[in-house]
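Inspection log for the structure reproduced underneath, given as structure tokens.
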Amino acid sequence: MKGFFKGSATALITPFNENGINFDALGALIEHQIAGGTSAIVFLGTTGEPSTMTFEEEHILMQYAVKKVAGRAKVIFGCGSNNTGDAVMTAKAAERFGGDGLLAVTPYYNKCTQNGLVAYYKAICEAASIPVIAYNVPGRTGVEIQPATMAKIAEIPNIAGIKDAGGNMAKTMETLRLVRDKCDVYSGEDALNLPILACGGVGVISVLSNVVPADVAKLCDLVLNGKMEAAIALNDKLLPVANACFVEVNPIPVKEAMNLIGFDAGVPRAPLTKIEDANREKLIAAMQAYGLEVQA
């Protein structure tokens, strides 16, 4: 299927405190995204740290997110797992609680075959009727959706697209060629947002847009409307901040970035740790050069 959403989606952080999820802070983050013109908000993606959350926490967050967003943007919930049964269970819960769509990362650690990937996505799509975006991020999972495999996955009726964070533009181009008429392609790597959009991607699922949602949304709009000179200039400005948001493993830097601009993002849950001092200074320098006011 095509046309689930276009433009900028934010892979939202989950703010935690000593009591669990900090819902006051989460509400502020959601409003920041709505005000910035974000088309869709992804909860419980990699950036949201679901691997450190209980199913109960996830379900409470789902209910809160749907109520808080209140139809002002698409709500997408991460459901991927290395246990297909858990992925199916989460997909069913996401639909039951009112999610608009699902983001399903490939199984990790198990290292399934390409045939296993097709079976995995079929199981999720049969469990829920809402749109499903496959998520390719081999640097984290050890499993890569090959372009020919994505072409098979795209035949599943409620597959809406692929979030491509593979970092290999040759493979992205081949995936685009094979699925262009079947489903959509979304950039999952901020450093490659511009080229993926320029080659036929219809949107991004961004970490950077936690910090500057309006500008990431603007980048998408510029490219999709053919205003490439302005898009290139904006992308040149965005890239240093995007790179700084990955100076340590995601979401360590972006959580600190949100703290620096006045949100109560807290710190990542263990085993992730607070950003190291030297990397924090690099992050601050990039944000200040961008023109952001930071509370250092």
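The values are calculated or read from the model by the stated rules, or taken from the named source; none is laboratory data. Quantities reported herein were computed from a predicted structural model and do not represent experimental measurements. Cβ sites come from the backbone with ideal geometry, for glycine too, and all protein chains shown count toward neighbours.
Here is a yes/no grid of residues against (1) surrounded by fewer than 22 Cβ atoms within 10 Å (Cβ to Cβ); (2) within 19 Å of Leu197 (Cβ to Cβ); (3) touching a Lys or Arg at 6+ places or on another chain (Cβ under 9 Å); (4) modelled with pLDDT of 95 or more:
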position: Ile124; (1), (2), (3), (4): no, no, no, yes
position: Ala128; (1), (2), (3), (4): no, no, yes, yes
position: Gln146; (1), (2), (3), (4): yes, no, yes, yes
position: Ala151; (1), (2), (3), (4): yes, no, yes, yes
position: Asn158; (1), (2), (3), (4): yes, no, no, yes
position: Ile162; (1), (2), (3), (4): no, yes, no, yes
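Taken over region 63-77, the criterion of being more than 16 Å from the chain's Cα centre (by Cα) and among the aliphatic types (A, V, I, L, M) is satisfied by Val66, Val69, Ala70.
Within region 38-55, residues that are farther than 19 Å from Phe4 by Cβ sit with their Cβ atoms under 9 Å from residues that are in a strand (DSSP E or B) and among the β-branched types (Val, Ile, Thr), at 6+ positions apart or across chains, in these pairs: Thr46/Val105; Thr47/Thr10; Gly48/Val42; Met53/Ile21.
Looking across region 191-223, just one residue is acidic (Asp, Glu) and either under 24 Å from Leu44 (Cα atoms) or surrounded by 20 or more Cβ atoms within 10 Å (Cβ to Cβ) (or both), and that is Asp215.
Cβ separations smaller than 7 Å between residues 6+ apart or across chains give no pair from region 237-251 residues that are in a helix (DSSP H, G or I) to residues that are surrounded by 19 or more Cβ atoms within 10 Å (Cβ to Cβ) and among the aromatic types (Phe, Trp, Tyr). Flag: Ile60 matches the condition of being surrounded by fewer than 17 Cβ atoms within 10 Å (Cβ to Cβ) and free of Cβ contacts under 8 Å to residues at least 40 places away in the same chain. Tell me yes or no: at least one residue of region 257-275 is out of contact with any Leu (no Cβ under 8 Å at 6 or more places or on another chain), farther than 27 Å from Pro50 by Cα, modelled with pLDDT of 95 or more and in a loop (DSSP other than H, G, I, E, B). No; the residues of region 257-275 include none that is out of contact with any Leu (no Cβ under 8 Å at 6 or more places or on another chain), farther than 27 Å from Pro50 by Cα, modelled with pLDDT of 95 or more and in a loop (DSSP other than H, G, I, E, B). Beta carbons closer than 7 Å, at least 6 apart along the sequence or on distinct chains, pair a first residue in region 80-91 that is farther than 13 Å from Pro50 by Cβ with a second that is surrounded by 15 or more Cβ atoms within 10 Å (Cβ to Cβ) and of a type in the set (Ser, Thr, Tyr) for Thr84/Tyr120. Here Gly226 meets each of (1) at positive phi; (2) crowded, with 21+ Cβ neighbours inside 10 Å with one exception, condition (2).
So which helices (runs of 4 or more DSSP H) stay within region 140-213 end to end and still have 3 or more residues that are β-branched (Val, Ile, Thr)?
Values: elements: 147-153, 169-179, 193-198.
Because the criterion is at least 3 residues that are β-branched (Val, Ile, Thr), the helices (runs of 4 or more DSSP H) in region 140-213 that meet it are 169-179.
Checked against the criteria, Ile13 does not count as at pLDDT 95 or above, under 28 Å from Pro138 (Cα atoms) and assigned to a strand (DSSP E or B). Residue count for region 31-83 under the criterion of being touching a helix residue (DSSP H, G or I) at 6+ places or on another chain (Cβ under 7 Å), among the basic types (Lys, Arg) and assigned to a helix (DSSP H, G or I): the result is 1.
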